[in-house]
Amino acid sequence: MFKFTSRATNDVLLLDSSADQLLRIIGKDHTPQGVVTVDQIPGAIAALRAAVARDEAHHHLAGENADGSSHHAHAEDSITLRQRVTPLIDMLQRSAAERKDVVWGV
């Protein structure tokens, strides 16, 4: 379990595998402790949003049948990347507004 903390928001908890994926997206190593500085936050948000856009485009294309009809690309109970990143993006945005870093493992 990874706990992301900021003095601007409540904590965000992520399972290890989800945290690993999101850290890779924002260009951070999966280490026991780390920081996203205020200066790094805009780039992290942009990277997360771009990853969501790519993921949704991929699933949209994968969900289209040869005849143009579509089927569900995700299982009904699966968690999408958008759902996974939303709390972290909110934390990053609020932290940037208050000029606070986001840390984990501290």
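Every number in this text was worked out from the coordinates using simple rules, so none of it is lab data. All values derive from a computational prediction rather than experimental measurement. In this analysis, Cβ positions are derived from the backbone assuming ideal geometry, glycine residues included, and neighbour counts consider all displayed protein chains.
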Quiz item: DSSP beta bridges in the chain, what fraction antiparallel, as a percent rounded to 5?
Solution: 100
Practice problem: Determine the calculated [θ] at 222 nm for the chain from helices alone, applying -39500 (n - 2.57) to every DSSP H run no shorter than 4 residues and normalising by the residue count; nearest 500 deg cm²/dmol. | Solution: -15500 deg cm²/dmol
Quiz prompt | Net lengthening on full extension, Asp29/Ala97 (0.36 nm per residue, minus Cα-Cα) | solution = 22.0 nm
Quiz prompt | Over the chain: Rg over Rh, Cα atoms, Kirkwood Rh | solution = 1.06
Quiz item: Given the options Gln21, Gln93, Gln83, which has the most mean-square fluctuation in a GNM of the chain, springs set between C-alpha atoms less than 10 angstrom apart?
Solution: Gln83
Quiz prompt | Tilt relative to the chain, helix 41-62 - C-alpha long axis, 0 to 90 degrees, to 10 | solution = 10
Quiz item: Taking the Cβ-Cβ separation of His59 and Leu13 as r and a Förster radius of 35 Å, what is the calculated FRET efficiency to the nearest 0.05?
Solution: 0.90
